[in-house]
Structure formats: structure tokens, C-alpha cells
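Q: Sharing a structure with you now.
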Amino acid sequence: MRIFGYFVLAALLVSCNSKKEEPTVSVVKSPDMEIYTPSEMANHMNYMYEYNEALKSRILKGDTIGDYPVDFEILYSAELTDPTDRDDFFELFSNHFIERQKEIFDEESEIPVKDRYNSAINLCISCHNTTCIGPIPRIKKLLIQ
Ligand code: HEC
């Protein structure tokens, strides 16, 4: 338990520090100020968040959900704030996540769409447990209860 605590602390300090639950950081363009530029991956994460938020409301309304968003696969190449985050775990969780996200759009599946959607969101959370715990409370809000 103690080791886990240290790990969590280290994860907090290394990545996603101070960003905890803030969805976006406003960029102030002043020559005197340091400009915070989110990484390509941070932007991609926010895109995936918004996409799934919209998807959740379509599922809840029983609307059609369209096709799998192929651009989710930018996950495999986007530049991270801390490039060392892209380790074996990251690759593993990326693969599982993309697989689950694809399954949401599989019209032949016999698993209810709500459950397939929640499996994908749970993989967002699983990966975040290993790399970046700050946004987890926000991601949990995407789950369909
Ligand atoms: C394979 C691991 C992995 C998966 C899967 C993953 N994330 Fe992330 N997420 C990260 C990492 C690492 C960062 C930090 C990115 C950076 O700062 O470059 C991050 C950052 C974020 C952020 C903060 C972005 C910011 O503005 O700083 C949000 C929000 C987020 N993820 C939501 C999600 C959601 C929603 C999903 C699923 C749809 C998801 N993540 C799937 C690893 C993952």
C-alpha cells in the first residue's frame, strides 16, 4: 500500500500536475507571460472526452451513433507532454482502449451498446490509473449509470 502511495504521488508530480480537474487552460497571450501550450496528446484527450460525452447523450436518447471515429488512433502517435509516458503499458492500454472503442460501433454485437460504451470508458480510466490520475474524476462522469 505504501509503495502504491508513492507511485500515485510520483504520477501526480510527473504528469498531469496541477491540471487535475481543469478541462481547459486559457491561454493568455502576453509577451511577459509564459504561454501554456497543451501537448498534442492533451488536445487529443480533450477531443476524445468531448466525443464520448456527445456519444453518451446519443446512446441515452437512443439516437443513431454513426461510425467509429478513425481519428481516435492519433492516440498511437500524438506527442505527449512527457514522452517517457509512452512505455509498454501505454501501448498495451492504447490497444485495449481502441479495441473497446471500436466495439461500441459494432452493429452485430449482442452486448448492449451502453455496456460496450462503459467498457471503453473504463479503459480510459485503467490507463489513467497507470499514468495520469488527475482527470479520473472527470472521466468517471462519462460512464452511463
Ligand atoms: C493509453 C493511455 C490512455 C488512455 C487510453 C486514455 N488516456 Fe487520457 N491521458 C493519458 C495521458 C498520458 C495523459 C497526459 C497527456 C499529456 O499531457 O501529454 C492524458 C490526459 C488526459 C486528459 C487531460 C488533458 C489536458 O488537458 O491536459 C483528459 C481529460 C483525458 N486524458 C481524458 C481521457 C479520456 C476521456 C479517455 C478515453 C476516451 C482517455 N483519456 C484515454 C493517457 C491515456
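Q: Show the residue pairs meeting these rules: Cβ distance below 8 Å; 6+ apart or different chains; first residue within the range 53-69 and in contact (Cβ under 8 Å) with a residue 60 or more places away in the chain and of a type in the set (A, V, I, L, M); second residue part of a loop (DSSP other than H, G, I, E, B) and open to solvent by less than 60 Å² (accessible area, probe 1.4 Å).
A: 55/65; 55/104; 59/65; 59/144; 60/144
Q: Residues of the range 84-102 being surrounded by 14 or more Cβ atoms within 10 Å (Cβ to Cβ) and more than 10 Å from the ligand (Cβ to nearest atom), which ones?
A: 102, the sole residue that qualifies.
Q: Collect the residues in the range 62-83 that are assigned to a loop (DSSP other than H, G, I, E, B) and closer than 19 Å to residue 100 by Cα, keeping them in residue-number order.
A: Result: 64, 65, 66, 67, 68, 69, 77.
Q: Within the range 23-36, is there a residue that is in a helix (DSSP H, G or I), more than 14 Å from the ligand (Cβ to nearest atom), modelled with pLDDT under 95 and among the hydroxyl-bearing types (Ser, Thr, Tyr)? So that I can check it myself, show each step before the final result.
A: Start the filter on the range 23-36 by keeping residues that are in a helix (DSSP H, G or I), which leaves none.
For the range 23-36, residues in a helix (DSSP H, G or I), more than 14 Å from the ligand (Cβ to nearest atom), modelled with pLDDT under 95 and among the hydroxyl-bearing types (Ser, Thr, Tyr): absent.
Q: Report, by residue number, each residue of the range 130-145 that is open to solvent by less than 40 Å² (accessible area, probe 1.4 Å), more than 10 Å from the ligand (Cβ to nearest atom) and not aliphatic (A, V, I, L, M).
A: Matches in the range 130-145: none.
Q: Of all residues in the range 103-126, which are open to solvent by less than 20 Å² (accessible area, probe 1.4 Å) and either in contact with a Phe, Trp or Tyr (Cβ under 8 Å, 6 or more places away or on another chain) or not aliphatic (A, V, I, L, M) (or both)? Even if it seems obvious, please write down each step before you answer.
A: Of the range 103-126, the ones open to solvent by less than 20 Å² (accessible area, probe 1.4 Å) are 104, 117, 120-121, 125.
Across the range 103-126, the qualifying residues are 104, 117, 120.
Q: Out of all the residues in the range 54-75, is one or more within 11 Å of the ligand (Cβ to nearest atom) and open to solvent by 80 Å² or more (accessible area, probe 1.4 Å)?
A: no
Q: Still on this structure: What are the residue pairs meeting all of these: first residue in the range 116-137, first residue farther than 15 Å from residue 102 by Cβ, second residue more than 6 Å from the ligand (Cβ to nearest atom) and hydroxyl-bearing (Ser, Thr, Tyr), Cβ atoms under 9 Å, and 6 or more apart or on different chains?
A: Close Cβ pairs satisfying both conditions: 134/18.
Q: Tally up the residues in the range 42-53 that are over 14 Å from residue 117 (Cα atoms) and crowded, with 17+ Cβ neighbours inside 10 Å, please.
A: Final tally of qualifying residues: 3.
The values are calculated or read from the model by the stated rules, or taken from the named source; none is laboratory data. Predicted model only: the values in this text are computed from it and were never measured. Neighbour counts run over all protein chains shown; Cβ positions are idealised from the backbone, glycine included. For the accessible areas, the whole protein counts, side chains as well, though only heavy atoms, and no ligand, DNA or RNA atoms are used. Shrake-Rupley method; radii C 1.70, N 1.55, O 1.52, S 1.80 Å.
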